[in-house]
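Since the structure comes first, as structure tokens, the remarks are kept for the end.
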Amino acid sequence: MKLLSVEAARAAMVAEAAALPAETIALSAAVGRVLAEDVTAVRAQPPFTNSAMDGWAVRAADTPGALTIVGESAAGHGHEGTLAAGQAIRIFTGAALPQGADSVVIQENATRDGEQVTVPAAAPADNIRDAGKDFRAGDILLIRGTRIDPWGLSLAASAGRAEVSVHRKPRIAILSTGEEIVEAPASPGPFQIYDSGSPALKAMCEAWGAEASKLSGVRDQLDAVIEAMRNADADLIVTVGGASVGDHDLVRTAAEALGMQYRVESVAVRPGKPTFFGVLADGRRLLGLPGNPASAFVCAELFLKPLIAAYSGAAHAPRMASARLAEPLAANGPREHWLRAKLTYADGAITARAYRDQDSSLITVFAAADALLKRPPGAPASAAGDLVEVLLLDRAG
């Protein structure tokens, strides 16, 4: 359990995060939620053969020629009769193809003269969408475990769904410890800093599909830390700071006092070696993140994001890509190193430039980065142009 690889640590954590129970919600509120059921089509889409263009519904065998106009078919108001030889029906995009018609001539290619229209040669099935072209009754449109996006919502709506069954959002309680931390707008003392870690982690959790609450700052007193953990109403407690083994790092001791059994004691990763994970005696899970913002954010991407996905009933694989190095990198040490980096895109290729200062306290660097560049343990020096793996960060814009 000590100094596990990133992959082994992530697997051990995710194994403890079973999908939460299902609840039924309005489809309109389902974007970002994970399906707890398959969404199946109850009828075909489109439910009838229809026109793909504005024009004239005809029998291909009657073309080319001058045809008699006998009616109109519009979306929502189809033509009731059957098209006979020598006839044409005005038709609009999405309208049902009348009985007897087998082709649509687009309006630009036809000439109307009173109650007649002259059309060029047409072939059967021209400009026609067959019934069931998109999907058929009984087709599974969205499978259980799918995270609904606006396009998935549209697909469920096209199947006539007004509600869907989704997994409950995981409840995350974020606990930041440390006498040096103060929250704005309070004025920091001469040896204090503003809390930048827990507000960002709360926002990350919510963006990743969880309900997150930020617990009040807790003083570096064991009883206070224990009480805060005991009272946290959450599926997962995420602590920020106090995860190491210094005299003022009380998080592990407090968790152990609440019966925590370790699943991960430390990770062979840089930054973030002190990261740990365990199960409290009452069944709640606890993820301990380092206090330095960059360390906490890197480990949130590597571990917290997959945990939220697992609780939500979704699979999670890091969004990795291959990139070429913009500049050489020195050989790596024994721990997997995740470097904050900036990507550029040109001619279908990705170039990654690692920031030169990777100090784990630098928030400006993380705010500018759009990727984490992976350096495997013991990786040799790399030259500009060498291929590397990068984890793509979810950045707006």
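Quick check, is Leu287 buried (at least 16 other Cβ atoms within 10 Å of the Cβ) and within 14 Å of Ala173 (Cα to Cα)?
Details: buried (at least 16 other Cβ atoms within 10 Å of the Cβ): yes; within 14 Å of Ala173 (Cα to Cα): yes.
It is true that Leu287 is buried (at least 16 other Cβ atoms within 10 Å of the Cβ) and within 14 Å of Ala173 (Cα to Cα).
Out of Ala84, Ala66, Ala61, Ala18, one residue alone is more than 24 Å from Ile148 (Cα to Cα) and assigned to a loop (DSSP other than H, G, I, E, B). It is Ala84.
Within the option set Arg324, Arg340, Arg353, being of a type in the set (Lys, Arg) and either assigned to a loop (DSSP other than H, G, I, E, B) or touching a helix residue (DSSP H, G or I) at 6+ places or on another chain (Cβ under 8 Å) (or both) holds for one residue only, Arg340.
Among the residues making up region 230-241, those that are on the phi < 0 side of the Ramachandran plot and either touching a helix residue (DSSP H, G or I) at 6+ places or on another chain (Cβ under 6 Å) or not in a helix (DSSP H, G or I) (or both) are Ala232, Asp233, Ala234, Asp235, Leu236, Ile237, Val238, Thr239, Val240. Restricting the first member to region 325-352 and to residues that are modelled with pLDDT under 95, and the second to residues that are in a loop (DSSP other than H, G, I, E, B), no beta-carbon pair is closer than 6 Å while six or more apart or on different chains.
When residues in region 356-377 are screened for being open to solvent by 60 Å² or more (accessible area, probe 1.4 Å), out of contact with any helix residue (DSSP H, G or I) (no Cβ under 8 Å at 6 or more places or on another chain) and part of a helix (DSSP H, G or I), 2 of them pass. Between Ala131, Ala95, the distinction of being within 30 Å of Ala30 (Cα to Cα) and either open to solvent by less than 60 Å² (accessible area, probe 1.4 Å) or touching a residue at least 12 places away in the same chain (Cβ under 8 Å) (or both) belongs to Ala131 only.
You will find that of Arg129, Arg147, Arg90, the residue that is over 19 Å from Thr49 (Cβ atoms) and either modelled with pLDDT under 95 or not β-branched (Val, Ile, Thr) (or both) is Arg147 and no other. Only residues that are open to solvent by less than 80 Å² (accessible area, probe 1.4 Å) and touching a Lys or Arg at 6+ places or on another chain (Cβ under 6 Å) were counted in region 378-397, giving 2. Of all residues in region 296-324, those that are in contact (Cβ under 8 Å) with a residue 60 or more places away in the chain and open to solvent by less than 10 Å² (accessible area, probe 1.4 Å) total 12. Open to solvent by 50 Å² or more (accessible area, probe 1.4 Å) and without any contact (Cβ under 8 Å) to a residue 40 or more places away in the chain: is that true of Thr82 in this structure? Here the answer is yes, as Thr82 does meet what is asked. Val279 satisfies every condition listed in (1) over 26 Å from Gly378 (Cβ atoms); (2) among the aliphatic types (A, V, I, L, M); (3) surrounded by 20 or more Cβ atoms within 10 Å (Cβ to Cβ); (4) touching a residue at least 60 places away in the same chain (Cβ under 8 Å) except (3).
The values are calculated or read from the model by the stated rules, or taken from the named source; none is laboratory data. In this text, all values refer to a predicted model and were calculated from it rather than measured experimentally. In this analysis, Cβ positions are derived from the backbone assuming ideal geometry, glycine residues included, and neighbour counts consider all displayed protein chains. All accessible areas refer to the heavy atoms of the entire protein, side chains included, with ligands and DNA or RNA removed. Shrake-Rupley method; radii C 1.70, N 1.55, O 1.52, S 1.80 Å.
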